[in-house]
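**Q** Take a look at the following structure, please.
Every number here is computed from the coordinates shown, using simple stated rules; none is lab data. The shown structure was predicted, so the numbers you read here are calculated from the model rather than taken from an experiment. Don't worry about glycine lacking a Cβ; one is built from the backbone with ideal geometry, like all the others, and counts go over all protein chains shown.
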Amino acid sequence: MQSIPGHQNEQFRITDPRAVLRADLIAADGCLTSRRSIVPGNSQVRPPLDFVRCSYLGLDDHPAIVAGTIAAIQGQLSLHSSRAGKQRSSDLLAELEEALSKIFRARVLTFSSLMLVHLVAMPMLASGRLTGGKKPVVVFDGFSCMFPTCQNLTADDTRVKAIVHNDIGTLEQLCREHPVVAYVCDGVYWMGSYSPIEKLRQLQERYGLFLYIDDAHGISILGSHGEGFVRSQFPQTLGDRTLIAGSLGNGFGASGGILMLGTAHHESLLRRESIPTYSEGPNLATVGAALESCKLHRSPELSRRQMQLAQRIDMFDRRLTTAGQGNSLPIRMITVGSEVDALAVSRGLLDGGIYTLVTFFPAVGQGAARIRVSITAKHEPDDIERLCDCMLEQIAERTGKPYPLR
């Protein structure tokens with residue numbers, strides 16, 4: 001496996017042996033309440049506020065989506081419908097793909113998971129079937145969530161490269177050196193950074209760069225109908241050099257994966273290629289939930305929730321300075337420094353009733369461990385203030401320095 005540029009080529013490990021990741025910092029068991037708190041099995045424990053889940057608009061427990069899930073199962077008297085051949089597994093699935101195509105202004109295929117989208121699309125991309133029969137040099141952004149898994153799905157490892165995160169200069173040089181280049185990246189990265197879509201489109205226009213972008217964390221939070229971070233920055237038609245993958249979880253509030261296509265030719269190729277996956281297509285509960293979410297995405301409620309999310313993000317940014325300061329994305333990374341300190345801060349936050357994630361090498365550089373928080377529209381203003389107060393208190397207590405650390 002290739003090492004990721006920008007990271008030291010060492011084994012995946014916590015560099016300080018004193019830093020031990022406790023199980024309760026990995027996952028909190030229990031039910032999610034409407035106020036973004038987790039009710040644990042032990043009722044004596046104070047429910048922690050959840051700043052980990054990625055339901056950015058808080059649609060995952062929306063009454064209409066829950067009702068749509070139940071109605072789809074009751075209407076079909078089945079959870080899952082397997083059907084061989086080119087047919088979709090149900091009429092509801094055809095209805096869903098039509099509704100999604102209108103929202104995203106593209107030809108949309110649905111899958112049971114986002115990973116399945118990548119498993120189908122990546123071998124086709126590497127083979128050249130999506131680039132006019134010419135095998136591309138496949139270039140991964142080093143921070144792409146697809147890089148560790150999907151590099152091995154390519155047909156010829158000698159034509160796979162990885163570059164430093166958002167290194168547009170190197171990408172342009174590769175475009176000059178090779179007749180066909182495909183760039184694989186995320187729209188919004190799980191650590192809060194994002195791809196410079198405008199610059200990528202310029203390379204596309206100049207060199208014919210093919211773009212395969214995973215916008216799992218960008219769907220729904222932006223765009224008049226929730227088109228997402230990436231799709232909202234492209235023209236009406238995607239064309240034949242862009243594929244956008246996305247999640248119907250996260251901001252969308254349902255489940256499953258989608259692939260946005262710009263041409264009938266690409267749709268035909270991918271439908272044929274994905275025939276075996278349709279026996280494992282989205283189940284009827286997922287389809288029912290997604291159909292109801294589509295209705296919400298075309299209603300005034302979407303803009304209200306987007307506005308509420310933007311207000312919560314702004315509240316956080318007024319209290320804590322981060323690298324994401326001022327952008328419209330709901331992921332914030334608070335750099336603490338040493339892994340020992342970051343784990344202690346995260347533990348202190350959990351003891352104070354706030355659940356966050358701690359990230360360290362190799363996800364981030366050595367000595368640059370961070371606390372990751374996901375802000376949602378369902379968080380109340382008091383929740384954001386409580387998070388910031390506790391974060392500032394814990395960092396000062398555990399590191400002996402005020403935030404931002406100097």
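**Q** By how many nm would the segment from residue 351 to residue 70 lengthen if fully extended, with 0.36 nm per residue of separation less the alpha-carbon distance? List each step's numbers first, then the result.
**A** Values: separation 281, 0.36 × 281 = 101.16 nm, distance 3.70 nm.
97.5 nm is the gain from fully extending residue 351 to residue 70.
**Q** While we're on this one: In whole percent, what relative contact order does the stretch 100-238 give with Cα contacts below 8 Å and a gap of six or more residues? The partial results should precede the final answer.
**A** Working: 205 pairs, mean separation 30.4, N = 139.
Rounded, it is 22 percent for the stretch 100-238.
**Q** Hey, got the Cα dimensions of the stretch 182-235 along the principal axes, in Å, largest first?
**A** Extents along the principal axes: 31, 24, 14 Å.
**Q** Ok, one more. Using 5 Å bins from zero, what percent of all Cα-Cα pairs in the stretch 207-262 falls into each bin?
**A** 5, 20, 31, 25, 13, 5, 1, 0
**Q** Return the distance in nm (one decimal) between the two label points of a simple spin-label model at residue 119 and residue 61, each offset 7 Å from Cα along Cα→Cβ.
**A** 3.1
**Q** Next question, about the same structure. So for the stretch 283-406, averaging the separation of alpha carbon pairs under 8 Å that are six or more residues apart and normalising by length, what relative contact order in percent results?
**A** Normalised by residue count, the contact order of the stretch 283-406 is 27 percent.
**Q** May I pose another question? Quick one: if you stick a label point 7 Å off each Cα along the C-beta vector at residue 405 and residue 164, how many nm between them?
**A** 2.2
**Q** If you don't mind, another one. For residue 205 and residue 127, compute 0.36 nm times the residue count separating them, minus their Cα-Cα distance, and round to one decimal in nm. Walk me through the numbers on the way to the answer.
**A** On the way: separation 78, 0.36 × 78 = 28.08 nm, distance 2.23 nm.
Full extension of this stretch gives 25.8 nm more.
**Q** Hey, another quick one. Sum up the charges of everything whose Cβ sits under 13 Å from the Cβ of residue 397, counting Lys and Arg as +1 and Asp and Glu as -1, but leave residue 397 out.
**A** Details: positive: 347, 398, 401; negative: 341, 351, 389, 393.
It works out to a net charge of -1.
**Q** Something else: Quick one: what Rg and Dmax do you get for the stretch 94-151 from the alpha carbons, in Å?
**A** Looking at the stretch 94-151, its Cα Rg and Dmax stand at 13.7, 37 Å.
**Q** From the cross-link list 295/378; 135/199; 199/378, which pairs have alpha carbons spaced over 27 Å apart? Show your work: numbers first, answer last.
**A** Numbers: 295/378 19 Å; 135/199 23 Å; 199/378 34 Å.
Beyond 27 Å between Cα atoms: 199/378.
**Q** What spacing in nm lies between the two simple spin-label points modelled at residue 237 and residue 301, each 7 Å away from Cα in the Cβ direction?
**A** 3.5
**Q** Can you work out the PRE-style zone for residue 323? Point 7 Å along Cα to Cβ, and I want the residues of the stretch 163-185 with backbone N under 20 Å.
**A** 163-171, 184-185
**Q** How big is the stretch 235-299 in terms of Cα radius of gyration and Dmax, in angstroms?
**A** When restricted to the Cα atoms of the stretch 235-299, Rg and Dmax are 13.3, 35 Å.
**Q** Let me ask something additional. Which whole number of Å³ per residue matches the convex hull of the alpha-carbon atoms in the stretch 192-315?
**A** Numbers: hull volume 14.9 nm³, N = 124.
Given the Cα convex hull of the stretch 192-315, per-residue volume reads 120 Å³.
**Q** Considering the zone a paramagnetic label at residue 397 would reach in this model (a point 7 Å from Cα along the Cα-to-Cβ line), which residues of the stretch 348-362 have amide N under 20 Å from it?
**A** Counting only backbone N, you get 348-359.
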